[in-house]
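Chemist: My questions all concern the structure below.
The values are calculated or read from the model by the stated rules, or taken from the named source; none is laboratory data. Just so you know, these numbers come straight off a predicted model, no measurement behind them. We place every Cβ from the backbone using ideal geometry, glycine too, and count neighbours over all the protein chains shown. Calculation scope for accessible area: heavy atoms of the full protein, side chains included, ligands and nucleic acids excluded. Shrake-Rupley method; radii C 1.70, N 1.55, O 1.52, S 1.80 Å.
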4 protein chains.
Amino acid sequence: MRITVNTLLIAVLVVFTFGIVANPALAGNNPVDEKWWPGEYGPDDTLGATQQITPAKRVAAAKLVKQGKIATLGMPYYNGMPLVPGRTYAMSIPSGGGPTHGPLSWPGEQFGQTFMDEILTAEIGQVGTQWDGLGHSMIRIEGAEGWDDDDYFYNGYKLKDVGGPRGLKKVGTEHIASVGYFTRGILIDIAALKGVDVLEKGYSITLDDYKAALKAQGIDDASAGDVVLFRTGWSSKWGNPELTPAEHAAINAEVGSGEPGVSPEICDYLIEKKISMIGSDTWGLEPYDFSKGAPESFAYCHINLMVRHGITNFENLDLSVLSKEKAYEFLFSWSPLKLVGATGSPGNPIAVW
Amino acid sequence: MRITVNTLLIAVLVVFTFGIVANPALAGNNPVDEKWWPGEYGPDDTLGATQQITPAKRVAAAKLVKQGKIATLGMPYYNGMPLVPGRTYAMSIPSGGGPTHGPLSWPGEQFGQTFMDEILTAEIGQVGTQWDGLGHSMIRIEGAEGWDDDDYFYNGYKLKDVGGPRGLKKVGTEHIASVGYFTRGILIDIAALKGVDVLEKGYSITLDDYKAALKAQGIDDASAGDVVLFRTGWSSKWGNPELTPAEHAAINAEVGSGEPGVSPEICDYLIEKKISMIGSDTWGLEPYDFSKGAPESFAYCHINLMVRHGITNFENLDLSVLSKEKAYEFLFSWSPLKLVGATGSPGNPIAVW
Amino acid sequence: MRITVNTLLIAVLVVFTFGIVANPALAGNNPVDEKWWPGEYGPDDTLGATQQITPAKRVAAAKLVKQGKIATLGMPYYNGMPLVPGRTYAMSIPSGGGPTHGPLSWPGEQFGQTFMDEILTAEIGQVGTQWDGLGHSMIRIEGAEGWDDDDYFYNGYKLKDVGGPRGLKKVGTEHIASVGYFTRGILIDIAALKGVDVLEKGYSITLDDYKAALKAQGIDDASAGDVVLFRTGWSSKWGNPELTPAEHAAINAEVGSGEPGVSPEICDYLIEKKISMIGSDTWGLEPYDFSKGAPESFAYCHINLMVRHGITNFENLDLSVLSKEKAYEFLFSWSPLKLVGATGSPGNPIAVW
Amino acid sequence: MRITVNTLLIAVLVVFTFGIVANPALAGNNPVDEKWWPGEYGPDDTLGATQQITPAKRVAAAKLVKQGKIATLGMPYYNGMPLVPGRTYAMSIPSGGGPTHGPLSWPGEQFGQTFMDEILTAEIGQVGTQWDGLGHSMIRIEGAEGWDDDDYFYNGYKLKDVGGPRGLKKVGTEHIASVGYFTRGILIDIAALKGVDVLEKGYSITLDDYKAALKAQGIDDASAGDVVLFRTGWSSKWGNPELTPAEHAAINAEVGSGEPGVSPEICDYLIEKKISMIGSDTWGLEPYDFSKGAPESFAYCHINLMVRHGITNFENLDLSVLSKEKAYEFLFSWSPLKLVGATGSPGNPIAVW
């Protein structure tokens, strides 16, 4: 999830207007109820739950390829695509009337080689199909006994220690990018379970929903190292590059006004299952309906999955082909880019079955 | 390969000073000796040689995963890494002293959620580990009988028809990104064959070298749909993010002064084998030594693989782990990002064996 | 004016729905009714009408400084400001939790020097307060007898000849930036003349309006080398950096839905007066109301002032202080940035009286 | 001055290798020897020493325009120009083979309107000709009695309080940009005084030099509100856009290896004179020769002029025309861009005499 300060202001306003949406399940839960670091992978760990993906797990995952069918799970990136307000995606083709480069020599007077390039400015891990790495979410602690005031990343790394103007140490994307995710993936198709194209904004997927989907789909529960992908239908609201700016703006407003998402109880459950990554076809994993109030706890799953357990999060996936093909269990294969010091990565993961 | 106009000027100067390095193999070869489009995949094709990767090919490729070992083949991206002069890679962490976003609400007065992001400006398909898509290379034709003057992409698409300030039609990366490359990969370790760490600048890998490597490594020749990766050792010249700007500059000058690479005869051979992609640990695939003169034909393989046959090209790969592990045959799994209208993609492909 | 392809599509749609808004004044006028180049400054000229600003003119202009009052005429630049759809303005402070640079040494253990920077991506001449240089507007000619098909800039420079991926030759901003505009400026306050805060969208300022304003304000008509600024009140619709993204979006939609502007007859008149620059507090100089249809000729003044006569155009100026102070005649002092090959420049011109 | 962390590392290394270059003049001087805030303009001030430029000062400055001659003082901005390592300047013309926008309608079937734009990524205040605003330099204080640990800007504003990911409060460029600099400017031509084209790297201009130049040039000493520009000849080392990348790299290395500059005693003297701005044709105002060691105090003038007295600093100016014309006293006219929250501004100031 990528929330801007402005979005927060809206949310805060909403809270004052509509009141907090209480969540009893969170009673007693706070980010410092226990010292959560160093985690199970040691005090210097930079790889998190990718370490659940063992060689044996990879061999087993490869065996899920039976028909040789493939789906790529990224959404298209284009100027005008839905973005959290304040984000940038601006691609251009440098040219000025001809090719970007050339012509270069080629035998024969009538021929040459020419080349086109592009140049892009974007939040690299935070735009469109986006993977949240271990450098994205932090817990801010101020005035808590026994804790230094700071922003804490996964494994207790503090912003003061690992921050920097051109990248973060310890929690940068390059670490997980050295091993990637080549493992069993499962689709939890809640939209199909409920018989709808798109779940309602703000709908919080329950653990019962999750278990019902497993049963309906005839697949085994998540196990250590798995990637678990939730389909809500939300990304079907996206437009396409051919629309007008006004249409892009209207779509962006609707997409960002909320979303269905997974409940805290599911995240707690999957943490126990020791999955390596969660994913969804939403922009922020968790349920929001900003017209009804802000959640008491903004991003429970982000904090508990990523910061406390090193389980990463993939957003804005296109899960429509998997749903249509009823491909509920598959080889999931992807690695983030080795962006040194970055907080995430763009991506186009592969599912093969 | 990404050549700037300035590099070209150097090259042209070099030609006048040292003379052309003649290449008899090219005699009679020119980009219009035959009409090369529409190609075998039809006049509207946008997928090129990825179509050699059939479902059966994918099933067979997955069976190459025996030990569950993995290597990620991307080089790290960082401010200061080697770049063709004129290219940009500039990443920053927006902050101004605190987190990029937040704090957002969390139950308890002492806690909050905060988030870090990054913002990047770069040539997206043309920097560091880079995949050349079908929108990168063109053949410029001027004054040839029977041809319109224009820059021609794969399948005869003309720049005049498919160009645009924010992206290219027909040849944009989003097309191949819908299917990706999940196939057999092979490593052709020429540096190991020759018993050196790095091949000499300008060394042109011959077809005999290729066949000798296959034999020495005990693997079968390339077949339809394969990804064929050539290791020269050149990327071992890269530095790391900790070096000083002066060290970065010196490394960049050396890396860009030339490189070993594959000869035209290898490219012709692999075209016949109907591979889907070629790759290497060099920035430009083909051999150059700019101190000795410019090649008569600048990028024979680029033109003939990509423009004429839809076989793409992956550059600046890190093949060192595969070499060390003697992993000569493996599952190659990767898809470019769905960058609408782009000419390439960054990447971090996965090899599993 | 900066029109995107998408805006064009809207406009084209509007035309089909509402019909063309006929403009009899344009009858017989077309961009090739006479050969308009080389112009009066010679075939190699790159400075256009700045050449009307003689040393004597500068001396006279300096004498307009009587009270020592000053106004800066730029609008603020900020993420979220009104932009033509598709434009980018994205500024960040690189930090990651601390200063951008430092600490550097300072005598004494407890002290150091630190520095903050920012990084920006934007259309540099085309965002917010923007000056249209001679590299911005072109006339496209296709199939006209006696003319090569091409896009023609000021003085007949063709895109084919002067274009390039990293900047334009001959018409780049660096040329005019070597001399700048230090001259008499006059305010034509049409909003005040009509007794309104903001003129109506689509209102076309007539030559009679212009003359009535001169009379009401008690100033002399434009003369050679002058900068003539039209106030419509339109930029008062802008918001400020503190607004929410939703508010920014609403403001942007309203600002971009049209604007009041100057009529062709005024531009023809000022061309005869040999002014050096026109300016306004609108985004596109000329009148539009996209709800009522598109103009028969999209940007008559752009084409005739800039392309045919080398008279440049400054948009999105803040003229409110001049209006409030009734400062109708003043020293106008400004030079674009020396952006080599650029099509325009951001700016914050100075008026002193 | 814009120093990167890497440059700092070099400098630190140099210090250990060559030892500190002691500077007796600094004895007893440290950034907290007295509480320097609130300053003379009050605790909420955001305008600094621009307030020395009164209406009467402006009227007097305008009277310096006698011949109507003009010089623009900015250096050209282009891809490849000298930059502090790690900085970015990347401009492209979005096109992809045709115009950026259009064609838009024009009466007559053979004509249309087309437009070119550019897109830029750069540190906006920190690249090429650059004005250091009040948001650039800070004093880091740690462990000093009576002071909170923090980074302190002009007027005691703390980074913790005014920092932000998209801009700085209180010290952003928009404040000074509301009033600008329209005042008396003087050139102190030390290169001419010494009879050289370029002063030696590391040469520290003394107060005696300053006074000798005033005398030789026949102009009065600096007075309140003046802009004082020092010419060293250093910017004559710059190249031009036509050079090769290798030539650009060599020039950049030489330009950044040090520079002549003003001594602390001059800055102290000009602070007493209450000037509004200092400027030079160097990248960092103060003298450095990194081959000989790092200065004991890195940027004495930056800290004392800007942070303690609100006197800003303009770098990389082109003062060659003023020198050639012996224009030693002139009207200086310029305002930074209204870049909300920015730390500086690009610029092309005007001198008229």
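Chemist: Once the principal axes of the Cα atoms of region D:211-353 are found, what is the range along each, listed largest first in whole angstroms?
Modeler: 45, 40, 37
Chemist: Given the whole protein assembly as supplied and a 1.4 Å probe, what does the accessible area of B:Arg166 come to in Å², nearest 10?
Modeler: Using a 1.4 Å probe on the heavy atoms, I get roughly 70 Å².
Chemist: How much of the accessible area of the protein assembly as shown, probe 1.4 Å, is carbon plus sulfur, in whole percent?
Modeler: 54 percent
Chemist: So, one more: Only bridges with both residues in the protein assembly as shown count here: give the DSSP antiparallel percent, nearest 5.
Modeler: Antiparallel bridges make up about 70 percent of those DSSP assigns within the protein assembly as shown.
Chemist: Tell me, what is the Rg over Rh of region D:38-141, with Rh the Kirkwood radius over Cα pairs?
Modeler: Taking Rg over the Kirkwood Rh, I get 1.15.
Chemist: At 7 Å along the Cα-to-beta-carbon direction for both B:Lys273 and D:Asp161, put a label point, then send me their distance in nm to one decimal.
Modeler: 6.9 nm
Chemist: Count, for each residue of A:253-259, the Cβ atoms from other chains sitting within 10 Å of its Cβ, then give me the mean as a whole number.
Modeler: Rounded to a whole number, the mean comes out at 1.
Chemist: Let me ask something else. Treat every Asp and Glu Cβ in region C:78-210 as -1 and every Lys and Arg Cβ as +1, leave all other atoms uncharged, and give the resulting dipole magnitude about the Cα centre to the nearest 20 debye. Don't skip to the end; give the middle numbers.
Modeler: On the way: 10 positive and 18 negative charges, 50 e Å.
Here region C:78-210 has a charge dipole of around 240 debye.
Chemist: For the protein assembly as shown, give the magnitude of the charge dipole about the Cα centre (Cβ charges: +1 Lys/Arg, -1 Asp/Glu; no others), in debye to the nearest 20.
Modeler: On the way: 112 positive and 164 negative charges, 1 e Å.
The calculated dipole for the protein assembly as shown is roughly 0 debye.
Chemist: Dipole of region B:206-353 (Lys/Arg Cβ +1, Asp/Glu Cβ -1, origin at the Cα centre): which of B:Ser235, B:Pro336, B:Pro346 lies farthest to the positive side?
Modeler: Toward the positive end, the furthest listed residue is B:Pro336.
Chemist: Let me ask something else about it. How charged is the neighbourhood of C:Gly202? Take every other residue with its Cβ under 13 Å from the Cβ of C:Gly202, and add Lys/Arg as +1 and Asp/Glu as -1. Before the final figure, lay out the partial values.
Modeler: Details: positive: C:Lys201, C:Lys292; negative: C:Glu200, C:Glu259, C:Glu286, C:Asp289.
In short, -2.
Chemist: I'd like the accessible area for A:Leu104, computed on protein heavy atoms only with a 1.4 Å probe and all protein chains in place. Round to 10 Å², please.
Modeler: Near enough 0 Å² of accessible area.
Chemist: For region B:216-353, give the magnitude of the charge dipole about the Cα centre (Cβ charges: +1 Lys/Arg, -1 Asp/Glu; no others), in debye to the nearest 20. Mind showing how you got there, number by number?
Modeler: Values: 9 positive and 18 negative charges, 61 e Å.
Here region B:216-353 has a charge dipole of around 300 debye.
Chemist: Residue by residue through region C:279-288, what is 3J(HN,Hα) from phi via Karplus (6.51 cos²θ - 1.76 cosθ + 1.60, θ = phi - 60°)? Round to whole Hz and write x for glycine and proline.
Modeler: In residue order, the calculated couplings are x, 7, 9, 10, 7, x, 6, 9, x, 9 Hz.
Chemist: Oh, and also: Please state the Cα pair-distance histogram of region C:146-267 with 5 angstrom bins from zero: what percent is in each bin?
Modeler: 2, 9, 13, 13, 11, 13, 18, 14, 6, 2, 0, 0
Chemist: Would you mind checking the radius of gyration and Dmax of region A:123-203 based on alpha-carbon positions, in Å?
Modeler: Reported Rg and Dmax, both Å: 17.9, 50.
Chemist: For an R0 of 45 angstrom, estimate the FRET efficiency from the Cβ-Cβ distance between C:Asn240 and A:Glu109 and round to the nearest 0.05.
Modeler: 0.15
Chemist: In nm, what does the list of distances from B:Lys324 to its counterparts in the other copies look like, shortest first, when each label sits 7 Å along Cα to Cβ?
Modeler: Computed spacing set for this position: 4.3, 5.9, 6.7 nm.
Chemist: Additional query: By average Cβ neighbour count within 10 Å, what is the ranking of D:209-216, D:73-80, B:96-103 from highest down?
Modeler: B:96-103, D:73-80, D:209-216
Chemist: Quick one: the Cα spread of chain A along its three principal axes, in angstroms, biggest first?
Modeler: Principal axes ranked by extent give 78, 47, 44 Å for the Cα atoms.
Chemist: Would you look at the GNM of chain A, springs on alpha carbons closer than 10 Å, and say which of A:Ala299, A:Ala342, A:Ala122 moves the most?
Modeler: A:Ala122
Chemist: How far apart, in nm, are two points set 7 Å out from the Cα along the Cα-to-Cβ line at A:Asp197 and at C:Asp149?
Modeler: 4.3 nm
Chemist: Moving on to the next point. To the nearest 10 degrees, how steep is helix A:245-256 against the longest Cα principal axis of chain A, on a 0 to 90 scale?
Modeler: 20 degrees
Chemist: Solvent-accessible area of C:Cys301, probe 1.4 Å, all protein chains present, reported in Å² to the nearest ten, please.
Modeler: Estimated to the nearest 10 Å², C:Cys301 gives 0 Å².
Chemist: Report the Cα-based extents of the protein assembly as shown along its three principal axes, largest first, to the nearest Å.
Modeler: 86, 81, 65
Chemist: Taking the rotation that carries C onto A, look along its axis and tell me which residue of C has the beta carbon nearest to it, distance in whole angstrom.
Modeler: Smallest Cβ distance to the axis, with its residue: C:Thr121, 2.
Chemist: Give the lysines reachable from A:Lys274 as a straight Cα distance under 18 Å; neighbours fewer than 8 places away on the same chain don't count.
Modeler: Straight-distance partners of A:Lys274: A:Lys57, A:Lys211.
Chemist: Just for region D:229-353, what percent of DSSP beta bridges are antiparallel, to the closest 5?
Modeler: 55 percent
Chemist: Pull up all non-local amide H partners of C:Tyr77: gap of 5 or more, or a different chain, and H-to-H distance under 5 Å with H placed in the peptide plane.
Modeler: Close amide H contacts, sequence-distant or interchain: D:Lys338, D:Leu339, D:Val340.
Chemist: Let me ask something additional. Rounded to the nearest 500, what is the 222 nm mean residue ellipticity of the protein assembly as shown from helices alone, with -39500 (n - 2.57) per DSSP H run of 4+ residues and division by all residues? Spell out each step's value before the answer.
Modeler: Working: 36 runs with 290 residues, N = 1412.
Mean residue ellipticity, 222 nm, calculated: -5500 deg cm²/dmol.
Chemist: Just counting partner chain Cβ atoms within 10 Å, what average do the residues of peptide B:47-60 show around their Cβ?
Modeler: Other-chain Cβ atoms within 10 Å of each residue's Cβ, averaged: 2.
Chemist: A further question follows. Pop out the ³J(HN,Hα) list for region A:165-172 in order, Karplus 6.51 cos²θ - 1.76 cosθ + 1.60 with θ = phi - 60°, rounded to Hz; leave Gly and Pro as x.
Modeler: Once rounded to whole Hz, the list reads x, 10, x, 9, 7, 6, 10, x.
Chemist: Which residues does the label zone of B:Thr54 cover in region B:186-229, counting backbone N under 17 Å from a point 7 Å along Cα→Cβ?
Modeler: B:223-227
Chemist: Residue by residue through region C:177-186, what is 3J(HN,Hα) from phi via Karplus (6.51 cos²θ - 1.76 cosθ + 1.60, θ = phi - 60°)? Round to whole Hz and write x for glycine and proline.
Modeler: With the stated coefficients, region C:177-186 comes to 5, 7, 10, x, 10, 10, 7, 5, x, 10 Hz.
Chemist: Within 10 Å of each Cβ in D:79-89, how many Cβ atoms from other chains are there, averaged over the peptide? Walk me through the numbers on the way to the answer.
Modeler: Details: counts 10, 5, 1, 0, 1, 3, 7, 10, 3, 10, 3.
So the per-residue partner count for this stretch is 5.
Chemist: Given the pairs C:Lys69/D:Lys69; A:Lys215/B:Lys69; C:Lys237/D:Lys170, which span a C-alpha to C-alpha distance of over 29 angstrom in this model? Kindly include the intermediate steps, with their values, before the conclusion.
Modeler: On the way: C:Lys69/D:Lys69 23 Å; A:Lys215/B:Lys69 32 Å; C:Lys237/D:Lys170 24 Å.
Going by Cα-Cα distance, A:Lys215/B:Lys69 fall outside the 29 Å limit.
Chemist: From the label point of D:Glu265, set 7 Å along Cα to the beta carbon, how far off in nm is each other copy's matching point, shortest first?
Modeler: Inter-copy label distances (nm, one decimal, shortest first): 7.1, 7.6, 8.0.
Chemist: Considering only region A:75-233, what is the antiparallel percent among its DSSP beta bridges, to the nearest 5?
Modeler: 65 percent
Chemist: Given the options D:Pro85, D:Pro55, D:Pro264, state which has the largest fluctuation in a GNM of chain D using a 10 Å cut-off (strictly under) for Cα springs.
Modeler: Judging by the Gaussian network model, the answer is D:Pro55.
Chemist: Mind listing the label-point distances from B:Glu109 to the same position on all other copies, shortest first, one decimal in nm, points 7 Å along Cα→Cβ?
Modeler: Copy-to-copy label distances at B:Glu109, shortest first: 3.8, 7.8, 8.6 nm.
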